[in-house]
Structures are given as C-alpha cells and as structure tokens.
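No value in this document is a laboratory result; all are computed from the given coordinates. Computed from a predicted model, the values in this text were never measured in an experiment. Glycine also receives a Cβ, built like all others from the backbone with ideal geometry; neighbour counts cover every protein chain displayed.
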C-alpha cells in the first residue's frame, strides 16, 4: 500500500451506480463519537433490511475522525512494510475505539473470513455477537458475496476499502453506516487478517423520502 494518494477506485455498488457522490448527514454518531458531516453506509445484520446500498470503494479519503484515526494508526504501525502484522495491533491500548472495531482472519486466502474480535458497539447495533463465527455463518446470503468481495479487496488491494449505505432496523427507523477496512499480516509477513471500524447512526426519515442512490 502506498501513502494516501488523492484518488479512489470504486469496488462495487449493488444498485449499479458509482459511489462518487456519497450521502452526507451532519450530527453526532451514536456509538462512534462525533462524525461531523460523514458519508452514510449500510450494514446487513440479521435484523436489517437494505434501503440504500451498500456501496464500497477503495480510497485513502475518510472524513470521520475515528476512521481517520484507525488509518493513521495503521500507517504508523506499518512503517516501511506492506502492512502491519496482527501482533502489532494492541487492542487494549485502543480502548476508546475498540467497541467499533472488528478483526477477521482470512480462511483459504479469502474464501471466507472468521471473526477474531467483535466490538461491543457492533454487537449493540447489529444485535449479534459473531465472535468465532465465519462470515458465511452469520451474514445474510443475499448480500454475502458483495461483502466478501469488499473484504478480499481490503485483504489483497493497495488501498483501504470504505463501505457505506443506509438500512432499517425494526422499530429503529433508518440507520446510516460507514466503515474502513484494512489488511493485517501474520508473523510470516503474509496478509492473513483484516481490521475494520464501523460507525453507525440513526437517520430520522420517512420511507417515502429515503435518499436517492449516490451518483444519480
């Protein structure tokens, strides 16, 4: 990975558009700190139904301070290597951010991913603790291949992956989501893990006025 070029590469967009004009939503992030004006994103937890996205792109550009912090921390730990090793990441020292962090181990080079660490804020928002589970065991089939593709891009690509969208929880109105995902190496220096941070917030909107697809 190279240090932060001013470009980005779309990975996929499930609605067929390109994510060049992400949705903006000012205010506070619930469970993730102050997001300011941040692009929204979607999570497909077991109790969620997609209304916008999910979208993904490879990029060095992240707006929320918490996501920028993880990227800066990753770059610091990387040094002059291709990426940091898992053992370089000290989660207890990241206690302020750890509730929003997930770490996964690649299985068979990215055929699947097993959750090594699942933050408490992620559990609260998605209403599931997936620690120890394969992604294929907990993620709904209708969106599984898209998130696997994004995970593989993060594992093997030369830029971080950003995902975002809007979804709806029962009795929770609309929920916005933004995520950064980065690779980690094993002790042999081979890319074998990914680390991500997800920020969530409730969006008070009516289904008839749900935001249009980004880029349209």
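Descriptive notes on the structure:
- Nearest-0.05 FRET efficiency for residue 80 and residue 117, computed from C-beta distance (R0 41 Å): 0.95
- Distance between modelled label sites at residue 190 and residue 128, nm, 7 Å Cα→Cβ extension: 2.9 nm
- Highest average first, the peptides 134-141, 60-67, 193-200 ordered by how many other beta carbon atoms sit within 10 Å of their residues are 193-200, 60-67, 134-141.
- Inverting the pair-averaged 1/r between distinct Cα atoms of the stretch 33-203 gives 15.9 Å as its Kirkwood hydrodynamic radius.
- FRET efficiency for the residue 137 to residue 158 pair, using the beta carbon distance and R₀ = 22 Å, is estimated at 0.15.
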